[in-house]
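This report concerns only the one structure given below.
All of the numbers you see were taken from the coordinates with simple rules; none came from a lab. Here the structure is a predicted model, which is why all the values come from computation and not from measurement. So basically every Cβ, Gly included, is an ideal-geometry build from the backbone, and we count neighbours across all protein chains shown.
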Amino acid sequence: MTDSYVYVITALLPLVASMLILQVNPYHALVIRGILGAVAALVYTILGAADVALTEALVGTLLAITLYAVAVRSSMVLRLGVLKEAIATQEDFGNPQRSDFQQLVDELRSIFNKHHVRVELVPYPNQEDLQQALIEKEIHATCVFAPEDEEQAQPYQMQTRLHRLYEIMHSELVSTTTQLSYFSGSNSREKHL
């Protein structure tokens, strides 16, 4: 003899599962996955399967959510390699280059926030180390300031090795001070913005 509340709680499983499938934000999906595991453990408990409920609560919910959180946190980041001097000019409030570089970084952060990706600046001492880091896949993209003696309309040069990042930046980056190129191993394809 079961009560009607069992049917209501059991009906929550497909509802929460469909919410999980339709979720775009990975962090919200983690929370909903935790709710799904808690509802499943509750259903197992009500139906008399305490051992299955305990296993679902410990392994299916707590352990899985912890591992997913670590994976999402580490994979949803754009590592942008820059020269140390660029970070120094970013912190120098009297420098006119600071505003250009800060605007570029702010624009990148707003673009990638829409895709739930953090932008992390990774400093390198010189351009050779920066390029080597891109080749060795330590970073996803580079951003360097062209020397002032070249008088370019696009003083910042960005290069990425991931085609999806190139597509996002190419379509959404509106900065006229940036030259964007896609780096694929030994050759690169350039596209000016």
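What the table shows:
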| item | result |
| --- | --- |
| Distance between modelled label sites at L13 and T66, nm, 7 Å Cα→Cβ extension | 2.6 nm |
| Efficiency of FRET from Cβ geometry, D51 and N113, R₀ 35 Å, rounded to 0.05 | 0.20 |
| Relative packing of peptides 104-111, 57-64, 138-145 - highest average C-beta neighbours within 10 Å first | 138-145, 104-111, 57-64 |
| FRET efficiency, S75 to I35 (Cβ-Cβ, R0 22 Å, nearest 0.05) | 0.45 |
| Evaluated over the stretch 4-74, the Cα radius of gyration and Dmax, each in Å | 12.7, 43 |
| Rough spin-label spacing in nm, given labels placed 7 Å along Cα→Cβ, for Q102 and R164 | 3.2 nm |
| Peptide ranges 122-128, 70-76, 158-164 listed from the most packed, as the mean C-beta count within 10 angstrom indicates | 158-164, 122-128, 70-76 |
